[in-house]
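As C-alpha cells, the structure follows; a few thoughts come after it.
Readers should treat all values here as calculations from the given coordinates under stated rules, not as data from a laboratory. From a predicted model like this one, the values you see are computed outputs, not experimental measurements. Positions of Cβ are generated from backbone atoms using ideal geometry, with glycine treated the same way; all protein chains shown enter the neighbour counts.
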Amino acid sequence: MTAVVQRVRSPESGEVSYTVLGPAGLPVAPVEAYLAHLSAVGRSPHTVAGYAHDLRDFVEWLDQCGLEFRAVSLEQLAAFFDWLRRPKAARQPDVYVLPSARPALTGRTLRRKRAALAGFYRFHARRDGRVDPLLGEVPVGTGPFVPMLAHTRERRRRGREVEVSPLRIPDSAGRLPRDLAAADVARLLEACTRRRDRFLLVLLEQTGLRLGESLGLRHSDLRLRAGEVRVVPRLDNANGARVKGLKARTVPVDGRVLDAYADYMELEYGTLDSDYVFVNLFAVPRGAPVTATNVHKLCARLRERSGVEHFTPHTLRHTYATRLLRAGLDPAVVAELLGHASSQTTTGTYGHLRLEDHRRSLVRVGVLEEGPGR
C-alpha cells in the first residue's frame with residue numbers, strides 16, 4: 001500500500017482538514033502535526049489539502065528508501081526531487097529512467113513541493129533540536145541551529161531574506177494566465193439562468209476576488225453607498241471559504257456590481273434570513289452558503305452552454321488583472337487590489353504583458369515589423 005491523503009472532519013467543530021496515511025494505513029505523526037498546525041493558524045482546507053498531497057510523495061519516498069525524515073541529508077533530498085521528476089510508474093527502486101525522458105512535473109510544481117517541504121522542516125526544527133531545517137531558516141529565537149549552506153542566502157531590502165537554494169529547480173515554460181475577451185464574458189453571462197450565478201460572475205470579473213473570498217462574503221461586506229467590496233478574513237465560514245493569507249482589503253466597484261447584486265437580492269434572495277451573500281436557493285439545504293464544489297459544477301454547465309471552454313472562476317480574476325495592467329495602472333496598486341503579497345508576485349505572473357506591450361511599441365516606432373497572426 002502506498003501513502004494516501006485522507007480527508008477528515010472534526011466531530012466537535014465540523015471543520016474539514018487532511019492527513020496522510022503511511023503505507024501501513026496509519027497517520028504519519030510528523031506530517032499530521034504539521035498539517036494540524038496549518039489548520040490551527042488559519043490556512044484554508046484547500047491549502048492544507050495541497051500540502052498534504054505534496055508531503056504524501058515525501059512519505060512514500062522515505063518508505064521506499066527506508067529513511068526517517070530527521071536523518072535525511074541535503075544530498076538525499078536532492079535524490080527525492082529527482083524521484084519526483086520521474087513518471088509515477090517509474091517511481092520504484094532500481095528503475096532506470098533515460099536522461100531524455102520528459103520530466104513528469106513542471107518546475108512550478110516542483111518549487112511548490114519544495115516550499116511545502118521547507119515549511120515542514122522549519123516547523124519541526126522549531127520543536128526538535130535534532131531536526132535541521134535544510135531548506136529554510138528557523139526565525140531568530142525559535143531554535144539553536146543554522147541550516148545547511150546558510151551562506152548561500154542573500155539579504156535584500158526591508159530585511160527580507162531571499163534563498164539561493166542549494167536545490168535549484170530551473171524555470172520551465174509554464175502556462176501563461178488566460179483571460180477572457182469581452183465577448184466571452186458576455187456569452188457566459190447570457191448562459192446564466194439564475195441571477196445569483198450572474199452576480200457571482202459579474203463580481204469576480206469586476207473585482208478580481210478569488211473564489212474563496214467571494215463565497216465567504218457577508219452582506220455587510222458590500223458597502224453599496226461607498227461603492228466598495230470589503231474582503232474580510234474569517235475562520236468560521238460554514239462552507240470552508242477562506243481569504244488567502246488572511247489578508248483584508250477593500251476593492252472599489254461601480255454600478256455594474258451593485259445593479260447585479262440588487263437584481264439578485266430583489267428577484268431571488270427575497271426575505272431569506274442569512275448573513276451569507278451566496279447561498280443555496282434552488283437546492284437543499286436552502287439558505288446554506290454555496291460551496292466551491294457547487295461553483296465548479298456551475299462552471300462546467302456554463303462552459304457547455306457558452307462554448308467558452310477555458311472558463312474557470314480564476315480566469316475572471318486574470319481578466320480583471322489584465323485589464324488593469326493594460327490600462328497602465330501601477331503594478332503595486334494592482335497587487336493591493338488582487339491581494340498579492342507583493343507587486344513582484346503581480347509582475348511575475350503577468351510579465352508577459354510587458355513583453356507584448358514592448359513589442360507593440362517597437363512596431364509603432366518602426367523598429368519591428370508587424371508579425372503574422374498579430
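Annotations for the structure displayed:
- With the simple model of a label 7 Å out from the Cα in the direction of the Cβ, ARG360 to GLN6 spans 5.4 nm.
- Each Lys and Arg contributes +1 and each Asp and Glu -1, all at the Cβ; summed about the Cα centre of region 182-322, the dipole is approximately 380 debye.
- Pair ARG178, ALA283: separation of 7 Å Cα→Cβ label points (nm): 2.4
- Residues ASP236, ASP82, ASP132, sorted so that the one with the fewest Cβ neighbours within 10 Å comes first: ASP236, ASP82, ASP132
- Interatomic Cα distance distribution for region 182-322, bins of 10 angstrom, percent: 12, 45, 37, 6
- Close amide H pairs (under 5 Å, H built 1.01 Å from N) link VAL231 with ARG249, THR250, VAL251, residues at least 5 positions away or on another chain.
- Amide H to amide H distances under 5 Å link LEU368 with VAL363, where only residues 5 or more positions off or on other chains count and H is placed in the peptide plane.
- For TYR18, distant residues with modelled amide H under 5 Å away: VAL8
- Region 295-322 and region 48-63: distance between their alpha carbon centers, rounded to Å: 30
- The phi-based Karplus calculation (6.51 cos²θ - 1.76 cosθ + 1.60; θ = phi - 60°) puts the 3J(HN,Hα) values of region 355-367 at 4, 5, 5, 4, 4, 4, 5, 5, 5, 5, 8, x, 6 Hz, whole numbers, x for Gly and Pro.
- Placing +1 on the Cβ of every Lys and Arg and -1 on the Cβ of every Asp and Glu, with no other charges, gives region 227-284 a dipole of roughly 560 debye about its Cα centre.
- From phi via Karplus (6.51, -1.76, 1.60), per-residue ³J(HN,Hα) for region 32-37 in Hz, x at Gly/Pro: 4, 5, 5, 5, 5, 4
- Those lysines that a straight Cα-Cα span of less than 20 Å connects to LYS88, excepting residues fewer than 8 apart in one chain: LYS113
- Couplings 3J(HN,Hα) of region 289-306, computed from phi: x, 5, 9, 4, 4, 4, 5, 5, 5, 4, 4, 4, 5, 5, 4, 5, 6, 8 Hz, in residue order, whole Hz [Karplus 6.51 cos²θ - 1.76 cosθ + 1.60, θ = phi - 60°; x for Gly and Pro].
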